[in-house]
Amino acid sequence: MDSEFAPSEKITASQLISPGGLAEADRWATWFSKIEMPVGDQHPLVKCGGSWVQNDPVAAGSWLDQAPPGDLKNRAILQYAMLGTSAEEPAHAARLHVTLPVTPDREVFLDRVLAHWKSKD
């Protein structure tokens, strides 16, 4: 699919697909992550990845572990935490936390992880 679609076609295709309900969601996430566009809420990985994160936080977290470092991975990690999956996987979320650059978002993430962890104790 990479060689058959133009960049704009990849973005359009990604808007029609949600990896949350697909088999091999990790492969879709990898494909989305290779779409070249600015990192932010409109990036296909961020837009479509949210349903996957909520449906299968363990698989999404495993994918994040192996994702290449960079701004997109950092944004996906923050999404992972902000969607509440850190409540289900606080130890994993804490491990992901240390991979983020020091920013106010990182501190918000840590506060959420710690609050969820404390509530489970």
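When region 47-67 is filtered for residues that are under 9 Å from the mean Cα position of the chain (by Cα) and at pLDDT 85 or above, the ones remaining, listed by number, are 60, 61, 63, 64.
Of everything in region 38-69, what is of a type outside the set (A, V, I, L, M), buried (at least 18 other Cβ atoms within 10 Å of the Cβ) and under 11 Å from residue 25 (Cα atoms)? Give them in sequence order.
Answer for region 38-69, where residues must be of a type outside the set (A, V, I, L, M), buried (at least 18 other Cβ atoms within 10 Å of the Cβ) and under 11 Å from residue 25 (Cα atoms): 48, 49, 52, 56, 63.
Can you find, within region 69-87, the residue that is nearest to the chain's Cα centre (by Cα) among those that are at pLDDT 90 or above and over 14 Å from residue 106 (Cα atoms)? So the residue we want is 72. Checking each residue in region 10-37 for being loosely packed, with under 12 Cβ neighbours inside 10 Å and at pLDDT 70 or above picks out 23, 24, 36.
The residue that is modelled with the lowest pLDDT, among those in region 98-121 that are in a helix (DSSP H, G or I) and either loosely packed, with under 15 Cβ neighbours inside 10 Å or under 13 Å from the mean Cα position of the chain (by Cα) (or both), is 120.
The values are calculated or read from the model by the stated rules, or taken from the named source; none is laboratory data. Note that the structure is predicted; figures quoted are calculated from it, not measured. All Cβ positions, even for glycine, are placed from backbone atoms using ideal geometry, and neighbour counts span all protein chains on display.
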